[in-house]
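Heads up, the thing below is written out as structure tokens.
No lab work stands behind these numbers, since they all come straight from the coordinates. What you are looking at is a predicted structure, and each value in this text was computed from that prediction instead of being measured. In this analysis, Cβ positions are derived from the backbone assuming ideal geometry, glycine residues included, and neighbour counts consider all displayed protein chains.
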Amino acid sequence: QVQLVESGGGLVQPGGSLRLSCAASGSIFSVNVMVWYRQAPGKQRELVAGITGGGGTDYADSVKGRFTISRDNAKNTAYLQMTSLKPEDTAVYYCNARGLIAPLGVRPYDSWGQGTRVTVSS
């Protein structure tokens, strides 16, 4: 199966920047879609940004212009570059990846990471 590990979270001051990473490993034939979600205390999980294998991206309105999602297909890794961070960005950020399982590239997977915590505070 496919496992995801998020990293890069931490404490940052308002207006600061942080880069999250999501590394996929395991029986990977392809990683076709990678999506960042977040869940703040007492709130439902929400989509933050997604990227397709072809490089198409989508963002939540609340982060447009501040966050950038990218991927390194050779490393099976997605990134979320966060700038101009606000206290309302505080949440646990989760990575989701969908693709095909090796070696045949026929069976699909839908995997989640354990989350990485981002705290924006003075």
Going residue by residue through the range 55-70, is there one that turns out to be touching a residue at least 40 places away in the same chain (Cβ under 8 Å) and closer than 17 Å to Gly8 by Cα? no
Residues of the range 113-122 satisfying the condition of being assigned to a strand (DSSP E or B) and among the small types (Gly, Ala, Ser): none
